[in-house]
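One structure is given below, encoded as structure tokens.
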Amino acid sequence: MPRYTGLINKYRDRLPVHDDTRIISLGEGNTPLIRLQNIPRLLGKDVDIYVKYEGLNPTGSFKDRGMTMAVTKAVEAGSHAIICASTGNTSAAAAAYAARAEITAFVLIPDGKIALGKLAQAMIYGAVVIQIKGNFDDGMRLVKEVAQKAPVTIVNSINPYRLQGQKTAAFEVVEELGFAPDFHCIPVGNAGNITAYWMGYSEYHASGIIHQRPRMVGYQASGAAPFLRGKMVDNPETVATAIRIGHPQSWDQAWKVREESNGWFDECSDEEILAAQKLLCEKEGIFCEPASAASLAGAMRDIQTAKIPEGSRIVCTLTGNGLKDPDVALKQCRTPLVSIEATLDQVQRAIVERLR
Ligand code: AN7
């Protein structure tokens, strides 16, 4: 087996690269598909739930799949600078891949509404971090405008190479399972990723590698749920800052995915999202960020109501690593730290009192 060198090399024949293209990669992709063991039992339902743990990508989110392609193509085209607006993960990925390619990354982030880990990443990878007094949607509008006036390549998901890279996650799911799941559940912000997965499944379907495609189910945070409201939302709010997006960039594409896959959109409250994040940690040992937990939160509800019937095979994408947002994670932990003197007696007592 050749050494794994990232998803472009692995899926080269399905991606728009040439033999002599210089690949900008950090070994992204090839993430685990973990079968949940305890949560299905707690639900009391006969379902197979797998999570695609995208938090194990090099910068801790699925954005790396798109960014390896977008930056590879930007460099191939002779670009010396990339730019994006971001709720955090895109900026972390852009900053890292720009560093790898030795080009400049400019990232526009919303003032104060970005998880700490993501801000630290953009800064230490050496991006030019521009904090705007506005939200993601304001940043996106500004990025589109400034890219017409300055020599910078946009690496948000409106860059078509992003979705090309991201579609490879669907290929990996199929290779792991040997088939496509019945339902693919995924958090939706700009709706780029749901579009990319559908592209991936559809390509494998067209090639006869799978005979059935999943129903695609997109979950949004209630305070940032334009697909549920049927129109853009001007002041999105949610604890899941990654998906605090009111004007999705892949609006038309996502509606098409819903229709073609016979899927649906639904919303989750912040409470449901946080509860699912914690449950996944406590019952399975898997730590994802709040936005990612929307996929499981929604899936659990749809399993309970039998909208997703028993006997189903379900994949939930966990889009980002829990370590990205330590503040929200800590606020979730209600049991206090055990604080004692550094003596054997006290340590022993602390343990004996708490054995279950
Ligand atoms: C963890 O980083 O839009 O529906 O600027 O970080 O493809 O937008 C992040 C999006 C889900 C939503 N989960 O994906 C950004 C950004 C996490 C995310 C989404 C994002 P899309």
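Going through the range 174-191 one residue at a time, which ones are touching a residue at least 60 places away in the same chain (Cβ under 8 Å), over 21 Å from SER250 (Cβ atoms) and open to solvent by less than 50 Å² (accessible area, probe 1.4 Å)?
Across the range 174-191, the qualifying residues are LEU177, PRO181.
Mind listing whichever residues of the range 236-260 are in contact (Cβ under 8 Å) with a residue 12 or more places away in the chain and away from the ligand (no atom under 15 Å from the Cβ)?
The answer is GLU237, GLU260.
Considering the range 180-191 alone, what residues qualify as being away from the ligand (no atom under 16 Å from the Cβ) and in contact with a strand residue (DSSP E or B) (Cβ under 8 Å, 6 or more places away or on another chain)? Give the derivation first.
Filtering the range 180-191 down to residues away from the ligand (no atom under 16 Å from the Cβ) leaves 180-183.
Of everything in the range 180-191, those that are away from the ligand (no atom under 16 Å from the Cβ) and in contact with a strand residue (DSSP E or B) (Cβ under 8 Å, 6 or more places away or on another chain) turn out to be PRO181, ASP182, PHE183.
Could you list, in sequence order, all residues of the range 202-219 that are more than 16 Å from the ligand (Cβ to nearest atom) and hydrophobic (A, V, I, L, M, F, W, C)?
At the first step, the residues of the range 202-219 found to be more than 16 Å from the ligand (Cβ to nearest atom) are 202-215.
The answer is ALA206, ILE209, ILE210.
Tally the residues that are within 10 Å of the ligand (Cβ to nearest atom), out of contact with any Gly (no Cβ under 7 Å at 6 or more places or on another chain) and either hydrophobic (A, V, I, L, M, F, W, C) or assigned to a helix (DSSP H, G or I) (or both), restricting the search to the range 276-321. Steps first, answer last, please.
Start the filter on the range 276-321 by keeping residues that are within 10 Å of the ligand (Cβ to nearest atom), which leaves 288-295, 317-321.
If we keep only those that are out of contact with any Gly (no Cβ under 7 Å at 6 or more places or on another chain) too, we end up with 290, 293-295, 317, 319.
Still in the list and also either hydrophobic (A, V, I, L, M, F, W, C) or assigned to a helix (DSSP H, G or I) (or both): 290, 293-295.
So the answer is 4.
From (1) within 18 Å of the chain's Cα centre (by Cα); (2) within 24 Å of PRO326 (Cα to Cα); (3) open to solvent by 40 Å² or more (accessible area, probe 1.4 Å), pick out the condition that doesn't hold for ARG244.
(3)
Enumerate the pairs (first residue in the range 78-90 and within 6 Å of the ligand (Cβ to nearest atom); second residue anywhere and of a type in the set (Ser, Thr, Tyr)) with beta-carbon separation below 7 Å, excluding pairs fewer than 6 apart on the same chain, so at least 6 apart or on different chains.
Final answer for the pair search is THR87/THR241; GLY88/THR241; ASN89/SER61.
Criterion first (at pLDDT below 95 and small (Gly, Ala, Ser)) does GLY112 satisfy it? Before the answer, list the steps.
Working: at pLDDT below 95: yes; small (Gly, Ala, Ser): yes.
It is true that GLY112 is at pLDDT below 95 and small (Gly, Ala, Ser).
Taking the stated definitions as given, is ALA74 under 27 Å from GLY200 (Cβ atoms), buried (at least 24 other Cβ atoms within 10 Å of the Cβ) and more than 15 Å from the ligand (Cβ to nearest atom)?
Considered against the rule, which asks whether it is under 27 Å from GLY200 (Cβ atoms), buried (at least 24 other Cβ atoms within 10 Å of the Cβ) and more than 15 Å from the ligand (Cβ to nearest atom), ALA74 comes out as yes.
For the range 88-158, which fully contained helices (runs of 4 or more DSSP H) count at least 3 residues that are within 25 Å of GLY27 (Cβ to Cβ)?
Working: elements: 89-101, 116-124, 136-146.
Ranges flagged: 89-101, 116-124.
Going through the range 261-280 one residue at a time, which ones are over 21 Å from VAL233 (Cβ atoms), open to solvent by 50 Å² or more (accessible area, probe 1.4 Å) and either touching a residue at least 24 places away in the same chain (Cβ under 8 Å) or of a type in the set (Ser, Thr, Tyr) (or both)?
ASN262, LYS278
Among the residues of the range 192-201 satisfying the criterion of being open to solvent by 10 Å² or more (accessible area, probe 1.4 Å) and within 19 Å of ILE8 (Cβ to Cβ), which is farthest from the ligand (Cβ to nearest atom)?
Looking only at the range 192-201, we keep the residues that are open to solvent by 10 Å² or more (accessible area, probe 1.4 Å), and these are 193, 195, 198-199.
From the residues that got through so far, the ones that are within 19 Å of ILE8 (Cβ to Cβ) too are 193, 199.
Working: ASN193: 3, MET199: 12 Å.
Looking at residues that are open to solvent by 10 Å² or more (accessible area, probe 1.4 Å) and within 19 Å of ILE8 (Cβ to Cβ), I get MET199.
Residue-wise test of (1) within 21 Å of the chain's Cα centre (by Cα); (2) closer than 23 Å to GLY78 by Cβ; (3) open to solvent by less than 20 Å² (accessible area, probe 1.4 Å).
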{"site": "ILE103", "(1), (2), (3)": "no, yes, no"}
{"site": "PRO110", "(1), (2), (3)": "yes, no, yes"}
{"site": "TYR125", "(1), (2), (3)": "yes, yes, no"}
{"site": "GLY139", "(1), (2), (3)": "yes, no, yes"}
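Specify which of the listed residues (ILE194, ILE186) is in contact with a Phe, Trp or Tyr (Cβ under 8 Å, 6 or more places away or on another chain) and modelled with pLDDT of 95 or more. If you could, list the steps in order and put the result at the bottom.
Details: ILE194 fails: in contact with a Phe, Trp or Tyr (Cβ under 8 Å, 6 or more places away or on another chain).
Testing whether each residue is in contact with a Phe, Trp or Tyr (Cβ under 8 Å, 6 or more places away or on another chain) and modelled with pLDDT of 95 or more leaves just ILE186.
Hey, any hits in the range 6-28 for a residue that's farther than 22 Å from LEU323 by Cβ, in a loop (DSSP other than H, G, I, E, B) and among the basic types (Lys, Arg)?
Yes, there is a match, as at least one residue in the range 6-28 is farther than 22 Å from LEU323 by Cβ, in a loop (DSSP other than H, G, I, E, B) and among the basic types (Lys, Arg).
Kindly indicate whether any position in the range 338-345 is modelled with pLDDT of 95 or more, more than 19 Å from ALA275 (Cα to Cα) and outside any loop (DSSP other than H, G, I, E, B).
yes
Name the residue that is nearest to the ligand (Cβ to nearest atom), counting only residues in the range 147-173 that are open to solvent by 10 Å² or more (accessible area, probe 1.4 Å) and of a type in the set (A, V, I, L, M).
For the range 147-173, the residue satisfying everything is LEU163.
Within the range 37-59, track down each residue that is of a type outside the set (S, T, N, Q), outside any helix (DSSP H, G or I) and open to solvent by 10 Å² or more (accessible area, probe 1.4 Å). Give the derivation first.
Restricting attention to the range 37-59, the residues satisfying the condition of being of a type outside the set (S, T, N, Q) are 39-56, 58.
After this cut, where a residue has to be outside any helix (DSSP H, G or I) as well, the list is 44-53, 58.
Once the filter is applied, which keeps residues that are of a type outside the set (S, T, N, Q), outside any helix (DSSP H, G or I) and open to solvent by 10 Å² or more (accessible area, probe 1.4 Å), the range 37-59 yields GLY44, LYS45, ASP46, VAL47, ASP48, TYR50, TYR53, PRO58.
With respect to ILE8, determine if the residue is buried (at least 23 other Cβ atoms within 10 Å of the Cβ), closer than 17 Å to GLN121 by Cα and out of contact with any Asp or Glu (no Cβ under 6 Å at 6 or more places or on another chain). Give the derivation first.
Details: buried (at least 23 other Cβ atoms within 10 Å of the Cβ): yes; closer than 17 Å to GLN121 by Cα: no; out of contact with any Asp or Glu (no Cβ under 6 Å at 6 or more places or on another chain): yes.
Considered against the rule, which asks whether it is buried (at least 23 other Cβ atoms within 10 Å of the Cβ), closer than 17 Å to GLN121 by Cα and out of contact with any Asp or Glu (no Cβ under 6 Å at 6 or more places or on another chain), ILE8 comes out as no.
The values are calculated or read from the model by the stated rules, or taken from the named source; none is laboratory data. Given the structure is predicted, the values throughout are model-derived calculations rather than measurements. Reconstructed Cβ throughout: ideal geometry from the backbone, glycine too, with neighbour counts over all protein chains shown. SASA here: full protein model, heavy atoms, side chains in, ligands and nucleic acids out. Shrake-Rupley method; radii C 1.70, N 1.55, O 1.52, S 1.80 Å.
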